[in-house]
Amino acid sequence: MSQGASPRTVLLAGDSTVASCPAFEAPMSGWGAQLGSYVGGPVRNLAKGGATTASHRAEGLWAALLRETSPGDVVVIQFGHNDQKEPGLPYRENLRAFVEEARGAGALAVLCTPVQRRRFDGGRLVPTHGDYPDRVRELAAAEDVPLIDLTRATTELYERLGPEGSKALFTHFPPGTHPLYPDGVADDTHFCFRGADEVAAIVAERLKEIA
């Protein structure tokens, strides 16, 4: 947001990579939980673990988001991790409906491609989302929607850190080193606080450019 502008609420719709995680999963965190410290205004995070573009609406989360949206707010939308597990879902059409309804509420709709999973082949990241990022890019171009390409940005981030260094962005603990993960964990999808913070900073910087 531009410096000196009155704070607008940023409302988030998405899956677990965006959502705030419960305390018993700490330090696991979606990037949306860290966004408030960067945008200089209120953030309402209605992302949910396991959500698809269909379940977010079916469970009433999208309706709740719209009820809280005022003209001038910003609605940021990132799905894909779970939609790709249900290939019959009309992913692009659902995203288009979200954009139209957010705009109907007077908000600026912003689309995000899904953040990458940490999967390396040598020093290069292996894409795991198929054509889902391209569907978001194509929709953004067709409907003139601002786009935050988190697939590309997180690919660059992970590859810059490398296969070992990028572990620090995710929920990775050897057995016996963390009280909440006594058996250890190696989660290459869900961020820890550091990773969520890094991605939130990317989102906030892009929002300053487009909003």
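The values are calculated or read from the model by the stated rules, or taken from the named source; none is laboratory data. This is a predicted model, so every value here is computed, not measured. Cβ placement follows ideal geometry from the backbone for every residue including glycine, while neighbour counts extend to all protein chains displayed. Heads up: the accessible areas ignore ligands, DNA and RNA and are worked out on the full protein's heavy atoms, side chains in. Shrake-Rupley method; radii C 1.70, N 1.55, O 1.52, S 1.80 Å.
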Checklist entry - If one computes P(r) from the Cα atoms of the chain, what percent of pairs lie at distances over 22 Å? => result 48 percent
Next on the checklist: 7 Å from Cα along Cα→Cβ at both Glu143 and Ala97: what's the point-to-point distance in nm?
Outcome noted: 1.1 nm
Checklist outcome for this item: For Ser166, Ser55, the accessible-area ranking with a 1.4 Å probe, largest leading, is Ser55, Ser166
Checklist entry - How far is helix 91-104 tilted, in degrees, relative to the longest principal axis of the Cα atoms in the chain, given as a value from 0 to 90 rounded to the nearest 10? => result 50 degrees
Checklist outcome for this item: Over the chain, with neighbouring protein chains present, the accessible area per residue in Å² at probe 1.4 Å is 44 Å²
Item to check | Quotient of Cα Rg and 2.2 N^0.38 Å for the stretch 1-104, N being how many residues it contains | outcome: 1.09
Checklist entry - Hey, what's the Kirkwood Rh for the stretch 149-211 if you take every pair of different alpha carbons, in angstrom? => result 12.8 Å
Item to check | If the convex hull is drawn through the Cα atoms of the stretch 18-58, its volume per residue in Å³ | outcome: 83 Å³
Checklist outcome for this item: Hydrodynamic calc, the stretch 102-155: Kirkwood Rh from Cα pairs, then Stokes-Einstein at 10 °C with viscosity 1.306 mPa s, so D in µm² s⁻¹ is 130 µm²/s
Next on the checklist: Taking a ≥ b ≥ c as the square roots of the Cα gyration tensor eigenvalues, with a/c under 1.5 meaning rounded and otherwise prolate when a/b beats b/c, else oblate, which class fits the stretch 61-126?
Outcome noted: prolate
Checklist outcome for this item: In degrees, nearest 10, the alpha-carbon axis of helix 150-165 is tilted away from the dominant principal axis of the alpha carbons of the chain by 10 degrees
Checklist entry - Rounded to the nearest 500 deg cm²/dmol, what is the calculated helix-only ellipticity per residue at 222 nm for the chain, with -39500 (n - 2.57) per DSSP H run of length n ≥ 4? => result -11000 deg cm²/dmol
Item to check | Nearest-20 debye value, the stretch 139-211 charge dipole, Cβ charges on Lys, Arg, Asp, Glu | outcome: 180 debye
Next on the checklist: Ignoring ligands, DNA and RNA, please state the percent of accessible area on the stretch 77-183 from carbon and sulfur, probe 1.4 Å.
Outcome noted: 50 percent
Item to check | the stretch 164-208: relative contact order in percent, alpha carbon pairs under 8 Å with at least 6 residues between | outcome: 35 percent
Item to check | Cross-link reach list, lysines versus Lys48, counting only Cα pairs under 22 Å and skipping chain neighbours closer than eight places | outcome: Lys85
